[in-house]
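Engineer: Below is the structure I would like to discuss, written out as structure tokens.
The values are calculated or read from the model by the stated rules, or taken from the named source; none is laboratory data. The structure displayed is predicted, hence computed values, not measured ones. Please note: Cβ atoms are built from the backbone with ideal geometry, for glycine as well, and neighbour counts cover all protein chains shown.
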Amino acid sequence: MKRITLTQFLIEQQRKAYVTADLRLLIEVVARAVKAISCNVAKGALAGVLGEAGSSNVQGEAQKKLDVIANEILLQANEWGGHLAAMASEEEEGIWKIPSDYPKGGYLLLFDPLDGSSNIDVNISVGTIFSVLRCPRNTIEPNEASFLQPGNTQVAAGYALYGPSTLLILTVGNGVHGFTLDREMGSFIYTHVDIRVPEQTNEYAINSSNARHWERPVRRYVDELQRGSLGPRAKDYNMRWVASMVADVHRILTRGGVFMYPVDERNRSQGGKLRLMYEANPMAMLVEQAGGAASTGHGRILDLQPERLHQRVPVMLGSRSEVEIIEAYHREAAASGG
Ligand code: P6P
């Protein structure tokens, strides 16, 4: 099979008018930053990049050294190219303004630089998640409000998965496509053509240690899966939980299934655990572009109007038929007052 690089793929997408020259540049710059993050992640203890950074982020979470390194790599790679109006990161409280000595462009880049970083010190796969929005027209100075656009306005979304191989999974609104890093050449090679979420599944992903905190519809759905062939689903299921959203979502894009991080009695005041702007929205765009569905349990994630940059949201995504069952159980619970 002819080896097609990410660059060639993006040029062909530009010819089909799916991406502009600036969006192509933006994705290439993110891909280069992902290569640098992959190198740092792969060095691990050899480069003294494991362990805590001794600081905490806006989420109040202790930062790993690699959280800080990955964040700096993405900010520094993207601030000078002239394709961005501003950036937002899970690791930065406010938006990241483009330094005045650089030109500004028409896009906004949002990212979780190293998702699942609690897994770093035990050598389990982690990832980078990114989302691209257009900066609202006639914006002189972007501010937080410039970013507060529903996920259905994203022009691109993707993730890097730092696993046995480093993958870049990308959508620009024309399906989902995957690239594998060839470390010898330093190029991303097109290896996953038009990824589709398998309709049927026997896998689900949820942190079952939280079961006592779940709301009724989630308990009902998971209980039926756990009853397997003896229950209403009449088949046995497998449970997988990596605690790296990127790894769990990639498995679902590849093998089908459903990923759930529901709101529960512990995190209800925050709206859930996962962040809307740079975790749920990009993953929702990818899953929908691959034929799946992504819901809060009550409605489509991509239709949510964001109110805060770091707001959190319940996430149920994966095989469309499974998400539809989860939404039906939420409707039934609401109708019966619970
Ligand atoms: P828990 C990682 O911290 C993360 O944001 C997601 O990548 C992951 O799916 C989830 O949190 C894991 O949460 O509560 O199981 O540790």
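Engineer: Quick one: is Thr254 more than 15 Å from the ligand (Cβ to nearest atom), surrounded by 13 or more Cβ atoms within 10 Å (Cβ to Cβ), free of Cβ contacts under 8 Å to residues at least 60 places away in the same chain and in a helix (DSSP H, G or I)?
Structural biologist: On the way: more than 15 Å from the ligand (Cβ to nearest atom): yes; surrounded by 13 or more Cβ atoms within 10 Å (Cβ to Cβ): yes; free of Cβ contacts under 8 Å to residues at least 60 places away in the same chain: yes; in a helix (DSSP H, G or I): yes.
So Thr254 fits the description; yes.
Engineer: Gln289 versus (1) crowded, with 18+ Cβ neighbours inside 10 Å; (2) within 16 Å of the ligand (Cβ to nearest atom): which is the lone unmet condition?
Structural biologist: So the condition that Gln289 fails would be (2).
Engineer: Inside region 5-33, can you point out the residues that are surrounded by fewer than 18 Cβ atoms within 10 Å (Cβ to Cβ) and farther than 10 Å from His83 by Cβ?
Structural biologist: Thr5, Thr7, Gln8, Ile11, Glu12, Gln14, Arg15, Lys16, Ala17, Arg32
Engineer: Further, regarding this structure: Step by step: first the residues of region 156-201, then only those that are among the aromatic types (Phe, Trp, Tyr) and in contact with a Leu (Cβ under 6 Å, 6 or more places away or on another chain), then the one that is surrounded by the most Cβ atoms within 10 Å (Cβ to Cβ). Which residue is that? If you could, list the steps in order and put the result at the bottom.
Structural biologist: The initial filter retains those residues of region 156-201 that are among the aromatic types (Phe, Trp, Tyr), namely 159, 162, 179, 188, 190.
From what's left, in contact with a Leu (Cβ under 6 Å, 6 or more places away or on another chain): 179, 188.
Working: Phe179: 24, Phe188: 26.
Once the filter is applied, the top-ranked residue is Phe188.
Engineer: Taking the condition out of contact with any helix residue (DSSP H, G or I) (no Cβ under 6 Å at 6 or more places or on another chain), away from the ligand (no atom under 16 Å from the Cβ), over 18 Å from Arg312 (Cβ atoms) and not hydrophobic (A, V, I, L, M, F, W, C), does Glu79 pass?
Structural biologist: Values: out of contact with any helix residue (DSSP H, G or I) (no Cβ under 6 Å at 6 or more places or on another chain): yes; away from the ligand (no atom under 16 Å from the Cβ): yes; over 18 Å from Arg312 (Cβ atoms): yes; not hydrophobic (A, V, I, L, M, F, W, C): yes.
For Glu79, the condition - out of contact with any helix residue (DSSP H, G or I) (no Cβ under 6 Å at 6 or more places or on another chain), away from the ligand (no atom under 16 Å from the Cβ), over 18 Å from Arg312 (Cβ atoms) and not hydrophobic (A, V, I, L, M, F, W, C) - is met.
Engineer: Considering region 88-137 alone, what residues qualify as being within 16 Å of the ligand (Cβ to nearest atom) and either of a type in the set (D, E, K, R) or in a loop (DSSP other than H, G, I, E, B) (or both)?
Structural biologist: Answer for region 88-137, where residues must be within 16 Å of the ligand (Cβ to nearest atom) and either of a type in the set (D, E, K, R) or in a loop (DSSP other than H, G, I, E, B) (or both): Glu90, Glu91, Asp112, Asp115, Gly116, Asp121, Asn123, Ile124, Ser125.
Engineer: If we keep just the residues of region 64-94 that are among the polar types (S, T, N, Q) and surrounded by 19 or more Cβ atoms within 10 Å (Cβ to Cβ), which is nearest to the chain's Cα centre (by Cα)? Step through it out loud before you land on a result.
Structural biologist: Step one: filter region 64-94 for residues among the polar types (S, T, N, Q), giving 71, 76, 78, 89.
Of the ones still in play, those that are also surrounded by 19 or more Cβ atoms within 10 Å (Cβ to Cβ) are 71, 78, 89.
Values: Asn71: 15, Asn78: 19, Ser89: 13 Å.
By that ranking, first place goes to Ser89.
Engineer: Being within 16 Å of the ligand (Cβ to nearest atom) and either buried (at least 17 other Cβ atoms within 10 Å of the Cβ) or more than 18 Å from the chain's Cα centre (by Cα) (or both) is the filter here; which residues of region 34-63 pass it?
Structural biologist: We begin by selecting, within region 34-63, every residue within 16 Å of the ligand (Cβ to nearest atom); these are 37, 41, 52-53, 56-63.
The answer is Ile37, Val41, Glu52, Ala53, Ser56, Asn57, Val58, Gly60, Glu61, Ala62, Gln63.
Engineer: Looking at region 257-284, which of the residues that are farther than 20 Å from Arg308 by Cβ and of a type in the set (A, V, I, L, M) is farthest from the ligand (Cβ to nearest atom)?
Structural biologist: For region 257-284, the residue satisfying everything is Val258.
Engineer: Given the structure, is Leu74 assigned to a strand (DSSP E or B), under 28 Å from His250 (Cα atoms) and touching a Ser or Thr at 6+ places or on another chain (Cβ under 8 Å)?
Structural biologist: Working: assigned to a strand (DSSP E or B): no; under 28 Å from His250 (Cα atoms): yes; touching a Ser or Thr at 6+ places or on another chain (Cβ under 8 Å): yes.
No, not satisfied.
Engineer: So, one more: Picking from Ile129, Ile140, Ile124, which residue would you name as being assigned by TED's automatic domain parsing to the domain that holds His83, more than 28 Å from Met245 (Cα to Cα) and hydrophobic (A, V, I, L, M, F, W, C)?
Structural biologist: The unique qualifying residue is Ile140.
Engineer: Can you tell me which condition Thr296 does not meet? The list is (1) more than 16 Å from the ligand (Cβ to nearest atom); (2) touching a Leu at 6+ places or on another chain (Cβ under 8 Å), and all the others hold.
Structural biologist: It fails just one condition, (1).
Engineer: Suppose we filter region 192-204 for residues that are within 19 Å of the chain's Cα centre (by Cα) and polar (S, T, N, Q); how many remain?
Structural biologist: Final tally of qualifying residues: 0.
Engineer: Related question: Can you pull out the residues in region 315-338 that are outside any helix (DSSP H, G or I) and modelled with pLDDT of 95 or more? Give the derivation first.
Structural biologist: Initial filter on region 315-338 (outside any helix (DSSP H, G or I)): 315-319, 336-338.
Matches in region 315-338: Val315, Met316, Leu317, Gly318, Ser319.
Engineer: Residues that are assigned to a helix (DSSP H, G or I), within 17 Å of Gly292 (Cβ to Cβ), more than 16 Å from the ligand (Cβ to nearest atom) and not basic (Lys, Arg): does region 176-185 have at least one? Steps first, answer last, please.
Structural biologist: As a first pass, look at region 176-185 and keep what is assigned to a helix (DSSP H, G or I): none.
The answer is no, given that none of the residues of region 176-185 is assigned to a helix (DSSP H, G or I), within 17 Å of Gly292 (Cβ to Cβ), more than 16 Å from the ligand (Cβ to nearest atom) and not basic (Lys, Arg).
Engineer: Show the residue pairs that are 6+ apart or on different chains and have beta-carbon atoms under 6 Å apart, the first residue being within region 293-318 and closer than 20 Å to Phe147 by Cα, the second being acidic (Asp, Glu).
Structural biologist: Leu309/Glu144
Engineer: Residues of region 229-251 being within 16 Å of the ligand (Cβ to nearest atom) and in a loop (DSSP other than H, G, I, E, B), which ones?
Structural biologist: Step one: list which residues in region 229-251 are within 16 Å of the ligand (Cβ to nearest atom), which gives 239-251.
Listed by number, the residues that qualify are Arg240, Trp241, Val242, Ala243, Ser244.
Engineer: Right, here's the next one. In this structure, is Ile189 more than 16 Å from the ligand (Cβ to nearest atom), outside any helix (DSSP H, G or I) and more than 16 Å from the chain's Cα centre (by Cα)? Give the steps one after another, and end with the answer.
Structural biologist: Values: more than 16 Å from the ligand (Cβ to nearest atom): yes; outside any helix (DSSP H, G or I): yes; more than 16 Å from the chain's Cα centre (by Cα): yes.
Yes.
Engineer: Still on this structure, I have one more. Filter region 257-300 down to residues that are among the polar types (S, T, N, Q) and part of a helix (DSSP H, G or I) and give me whichever is farthest from Asp121 (Cα to Cα). Spell out the reasoning first.
Structural biologist: Here is the first cut: in region 257-300, the ones among the polar types (S, T, N, Q) are 267, 269-270, 281, 289, 295-296.
Next, from what is left, pick out any that are part of a helix (DSSP H, G or I): 269-270, 281, 289.
Numbers: Ser269: 30, Gln270: 27, Asn281: 27, Gln289: 33 Å.
The selected residue is Gln289.
Engineer: For region 301-314, name all the residues that are β-branched (Val, Ile, Thr) and not in a helix (DSSP H, G or I).
Structural biologist: Here is the first cut: in region 301-314, the ones β-branched (Val, Ile, Thr) are 301, 313.
Residue satisfying the conditions is Val313 alone.
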